[in-house]
Amino acid sequence: MRLGVLCSGGKDSLFACMMAMEREEVACLIALRPRNEESYMFHTPNVSLVPLQAEAAELPLVEMPTEGVEEEELEDLKAALVCARKKHRIEGVVTGAILSVYQAARVQRICNTLGLWCFNPLWYTDQESYLDSLIGNGFRVIISGVFSEPFDEKWLGRPLDRTSVVLLNQYRERYGITLTGEGGEYETFVLDAPFFKKSIEITEALSEYHNYRGFYRIIHARLVGK
Amino acid sequence: MILLIDLCYRNGSLGFDEFVRPVARIVRHSGNDVIPVHFRSLNDHTFSRAEAVILCGTPLADTAFLAEPGAFSWLKETSLPVLGICAGMEVICTIFGGTLRPCTEIGMTEVSVIGNDPIFQGSGSFSAYEIHTLACSSKQDLEVLAVSDQCIQIVRHPDKTIYGVMFHPEVRNNWVIDRFLTCSIEGSISP
């Protein structure tokens, strides 16, 4: 089955992509680029760098701009899926949804309208095992945004490694965050994945942080050999 | 051991991770061993070790299982407790004389319990996650225990411990699976 993977540039969509590659044929990545940083559906930090990830993975990319306004952005997603179906003959869509009924149900509805299959291979996964598998499989992931207590500025650009996971587990116990950031507590960006032919090197970045809210903006990045 | 039957269109599909694995987590968490088996790979040996059976759901577009009713004829003979989830309930309905009709529910839906049953007693109404495009007709040899605005949500066989639920209890309603297992294995219900 030819599948398009809805990609935000973060760990969940690209791990779901790897799972899809192991079972089916991934024909393209699909990215919505919101102009609104408060996008309800689509993660925003560094989503502009998804083209670099697509290039690293040697996968075609279908990219669609969106204003990021609730409900209107669903029409943009629909347009992106129609485009992916036309250009890459996809039969289904893969998302990295883990717990968000809001996100999953909306994508399911659009896929149902278009007659596309919809897969959420990380759905209700064991979050600790998932992060362990993510790191164990060689994904290189950084924190690209923080949006809740108790994340401080030092988290911006920090690698999501086993030390970070220990801290995240402590935050889960003390502050009730979701371990994977599914509740919007933090966002990630993938620099390398097992299926990437090249990895991404950040050459310039800027941290913006105020009151438990911060972005790690990648200004320049390039592909390097693995 | 609890037998989890994968109803997805093929063994090892991506649907397994979404519809079987979350149920397996809940069952293991309740202290039971789990064996997942694809519906085309069932044999007498798999059933011989099972204490109960759960028929898991499938992706919205996946209705391949409906073309193979022979793979589920064991339901008529079995004395094992069975819980059918979404696609699993559709199988149970068709095997026990019901028919399916188009009916789409995607997202959270209010489920109202209208029948008396040890698993669902005291539940009243609750919010449940749905993803289906088909629903069971009411003309069947099954008791209706709950409904939504759109369709039948829970059925029970009058003589066997066989239940079907249209919603996905593995999302926000783990208690349904927990109580089914308690009822099935220990023959009692937790307060």
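The values are calculated or read from the model by the stated rules, or taken from the named source; none is laboratory data. Predicted model, so just to flag it, every value in this text is computed and none were measured. In this analysis, Cβ positions are derived from the backbone assuming ideal geometry, glycine residues included, and neighbour counts consider all displayed protein chains. Quick note on the areas: whole protein, heavy atoms, side chains included, nothing else; ligands and nucleic acids left out. Shrake-Rupley method; radii C 1.70, N 1.55, O 1.52, S 1.80 Å.
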Accessible area lost on pairing B with A, both sides, 1.4 Å probe, Å² to nearest 100?
2100 Å²
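Could you do me a favour and compute the accessible area per residue for segment A:2-119, 1.4 Å probe, result in Å²?
37 Å²
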Leaving ligands, DNA and RNA out of it, report the carbon-plus-sulfur percent of the accessible area of segment B:2-186 at a 1.4 Å probe.
46 percent
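Step by step: find N for the protein assembly as shown, compute 2.2 N^0.38 Å, then divide the Cα radius of gyration by it. What's the final number?
Compactness ratio reported: 1.03.
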Projected onto the charge dipole of the protein assembly as shown (+1 at Lys/Arg Cβ, -1 at Asp/Glu Cβ, origin at the Cα centre), which of B:Val165, A:Ser164, A:Val5 gives the Cα projection farthest towards the positive end?
A:Val5
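Residue by residue through B:52-60, how many Cβ atoms from other chains fall within 10 Å of the Cβ on average? Can you show the working numbers first?
Values: counts 0, 0, 0, 0, 0, 0, 0, 7, 8.
That works out to 2 on average.
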When only C-alpha pairs under 8 Å and at least 6 residues apart count, what is the relative contact order of chain A, in percent?
22 percent
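Over all distinct Cα pairs, what is the inverse of the mean 1/r for segment A:90-194, reported as the Kirkwood hydrodynamic radius in Å?
Numbers: mean 1/r = 0.0670 Å⁻¹.
The Cα-based Kirkwood calculation yields 14.9 Å.
Computed over the Cα atoms, what is the radius of gyration of segment B:2-186 divided by 2.2 N^0.38 Å, N being its residue count? Mind showing how you got there, number by number?
Values: Rg = 14.7 Å, N = 185, 2.2 N^0.38 = 16.0 Å.
My calculation over the Cα atoms of segment B:2-186 gives 0.92.
Apply 1/(1 + (r/R0)^6) to the Cβ-Cβ distance of B:Glu77 and B:Trp175, taking R0 = 35 Å, and write down the FRET efficiency to the nearest 0.05. Walk me through the numbers before you get to the answer.
Values: r = 30 Å, r/R0 = 0.85.
Calculated transfer efficiency: 0.75.
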Orientation-averaged projected area, Cα convex hull of segment A:136-225 (nm²):
5.9 nm²
Which trypsin sites (Lys or Arg not before Pro) does segment B:1-59 hold that lie in a coil by DSSP with at most 15 other beta carbons within 10 Å?
B:Arg10, B:Arg49
Compute the accessible area per residue over segment B:21-102, keeping the other protein chains in place, probe 1.4 Å, unit Å².
42 Å²
Averaged over the residues of B:9-20, the number of partner chain Cβ atoms within 10 Å of each residue's own Cβ comes to 5
Say we join alpha carbon atoms closer than 10 Å with springs in a Gaussian network model of chain B; which of B:Cys93, B:Cys151, B:Cys103 then has the biggest fluctuation?
B:Cys103
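Report the charge-dipole magnitude of segment B:81-171 in Debye, nearest 20, computed about the Cα centre from +1 at each Lys and Arg Cβ and -1 at each Asp and Glu Cβ. Display every interim value, and only then the final one.
Working: 4 positive and 10 negative charges, 37 e Å.
Using only the charged Cβ atoms, the result is roughly 180 debye.
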To the nearest 20 debye, what charge dipole does segment A:81-192 have about its Cα centre, counting +1 at the Cβ of each Lys and Arg and -1 at the Cβ of each Asp and Glu?
700 debye
Would you look at the GNM of chain A, springs on alpha carbons closer than 10 Å, and say which of A:Leu122, A:Leu206, A:Leu32 moves the most?
A:Leu206
List the residues of segment B:116-131 for which accessible area in the full set of protein chains is at least 20 Å² lower than for the chain on its own; 1.4 Å probe, protein heavy atoms only.
B:Tyr129
Spin-label model distance (nm) - A:Tyr175 vs A:Asn211, 7 Å beyond Cα toward Cβ
1.6 nm
Would you work out which of B:Ser127, B:Phe39, B:Phe96 lies farthest towards the positive end of the dipole of segment B:2-186? Charges go on Cβ: Lys and Arg +1, Asp and Glu -1.
B:Phe39
With only Lys, Arg, Asp and Glu charged, each at its Cβ (+1 for the first two, -1 for the last two), find how big the charge dipole of segment A:1-136 is about the Cα centre; round to the nearest 20 debye.
520 debye
Could you work out, residue by residue across B:103-110, how many beta carbons of other chains sit within 10 Å of that residue's beta carbon, and then give the average as an integer?
3
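What is the extension gain from A:Val166 to A:Leu223, computed as 0.36 nm multiplied by their sequence separation minus the C-alpha to C-alpha distance, in nm to one decimal? Walk me through the numbers before you get to the answer.
Working: separation 57, 0.36 × 57 = 20.52 nm, distance 2.99 nm.
Contour length minus the Cα-Cα distance gives 17.5 nm.
For chain A, what does the alpha-carbon gyration tensor say about shape, rounded, prolate or oblate, given a ≥ b ≥ c as the root eigenvalues, a/c under 1.5 as rounded, and a/b over b/c as prolate? Walk me through the numbers before you get to the answer.
On the way: a/c = 1.45, a/b = 1.35, b/c = 1.07.
Rounded, because the longest to shortest axis ratio a/c is under 1.5.
Going through the cross-link list A:Lys87/A:Lys226; A:Lys78/A:Lys154; A:Lys11/A:Lys197; A:Lys87/A:Lys198, which pairs have a Cα-Cα distance over 28 Å in this structure? Working shown, then result.
Details: A:Lys87/A:Lys226 30 Å; A:Lys78/A:Lys154 37 Å; A:Lys11/A:Lys197 17 Å; A:Lys87/A:Lys198 25 Å.
Over 28 Å Cα-Cα: A:Lys87/A:Lys226; A:Lys78/A:Lys154.
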Computed over the Cα atoms of segment A:2-119, the Rg and Dmax in Å are 12.6, 35
For segment B:117-191, the percent of all C-alpha pairs falling in each 5 Å bin, from 0 up to the bin holding the max distance, is 3, 14, 27, 27, 19, 8, 2
